[in-house]
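Have a look at the structure below, then the notes.
The values are calculated or read from the model by the stated rules, or taken from the named source; none is laboratory data. Values in this document were obtained by computation on a predicted structure and should not be read as measured data. Glycine also receives a Cβ, built like all others from the backbone with ideal geometry; neighbour counts cover every protein chain displayed. SASA here: full protein model, heavy atoms, side chains in, ligands and nucleic acids out. Shrake-Rupley method; radii C 1.70, N 1.55, O 1.52, S 1.80 Å.
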Amino acid sequence: MSHHQDSAAAKQDPRLDISDVYLFKGRTGTVFVMNTNPVSADKGFHPEALYEFHLDTDDDAVQDLTFRFRFLATEPDGRQAWLLDRLTGAEASDRSASGALVATGRTQEIVTTTDGVNVFVGRAGDPFYLDGTVITAVVTALRNGEAVDLSAFDPKRASNLFAGTNVTAIVLEVPDELIGSGTIGVWATTALDDHHGGWLQINRCATPLVSTLFDVTEAGFDDYNATDPHADLDNYGDLVRRKVAGLVAANDTHSDPQGYGAATRDVIFPDVLRYQVGTEADFGAKARNGRGLAESAPEAMFEIVLNAPVPMGLDAGHATGTLRAAFPYLSAPA
């Protein structure tokens, strides 16, 4: 899995569970996708939560611009009204700030504003694809610092764990001139009203498989999902360095395991998706620029941590449905 059910709170309420984040060039601007409620997609969005895309524009892993979605209660027809706010400067990291209203709408409909912002919120097919045998082998080896054992994997029988499953998606396309040029760092969060004047951050997601590969939610540290990217190196950097060094040493895939572990730590953290605005997305082992819907992000992550390719025998054709060429780009739900 990517970030499916990676925290206790997300397991208790899948509406708050961010499974994946995508960031790529669309037909009319930059596209931000936050997929939530994986597998079933039948519970909608939490009316007491905030769903946020955070953008860092000066490479300090602190948000300078936030697009925030709020939801009303589910209506008798199963749909929900939503509101989208834009927050800049100090307000971008202040969940008590109101920001500026950008758009309103209801789930399962496409909304386009006068300044060209496109929004779709609703059910869609899950574009993520992953073979269960391969991910188990890599996670086990990384956890124990041992050789990756793929003896149980038959490429001819490779299958996608998430085939035929749906997500509840937030798809936002913003004209590039409203974001600015240059490179941005992006991550998504969900936060729940604590009914005491504050907010509890429940989930955050950017780079795929970070929680799954490194057990950062179970490593005895502060809750990864409740922290922010600017603290990642201090909080989890040494954990990643040690695990990657042990993995490449056990598999003899690098002449300097400790050095490779340190280099990989600096690739993984801070946990944001970096993207050059206006360019084609490319999430690969050697270089990363955003993340496209059809890319094999798990294979890229496996190669990053192991310093050797680990093919899964899958491609985008194994994902749920067929991606759409135009907004909202995700496939229709299964």
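The figures follow:
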quantity: Contour excess over end-to-end distance, with Cα ends at Val111 and His230 and 0.36 nm allotted per residue; calculated: 39.5 nm
quantity: Centroid-to-centroid separation of the range 141-213 and the range 31-75 [C-alpha atoms, Å]; calculated: 12
quantity: Share of carbon and sulfur in the accessible heavy-atom surface of the range 257-312 [1.4 Å probe, %]; calculated: 54
quantity: Solvent accessible area, Å² - Glu75, 1.4 Å probe, full protein context; calculated: 60
quantity: Calculated FRET efficiency for the pair Gln258/Lys156, C-beta based, R₀ 30 Å, to 0.05; calculated: 0.20
quantity: The range 205-267: C-alpha gyration tensor shape, a/c 1.5 cut-off, then a/b vs b/c; calculated: prolate
quantity: Distance (nanometres) between label positions extended 7 Å along Cα→Cβ at Ala326 and Thr140; calculated: 4.8
quantity: Percent carbon-and-sulfur accessible area, the range 1-143, ignoring ligands, DNA and RNA, probe 1.4 Å; calculated: 49
quantity: Rounded accessible area per residue of the chain, 1.4 Å, Å²; calculated: 40
quantity: Among Gly180, Gly29, Gly313: highest mean-square fluctuation, GNM of the chain, C-alpha pairs under 10 Å; calculated: Gly180
quantity: Shape of the range 48-118, Cα gyration tensor, a/c cut at 1.5; calculated: prolate
quantity: Largest-first ordering by accessible area, 1.4 Å probe, given options Thr113, Thr57, Thr264; calculated: Thr57, Thr113, Thr264
quantity: Length released on extending from Asp58 to Thr279, taking residue separation times 0.36 nm less the Cα-Cα span; calculated: 77.7 nm
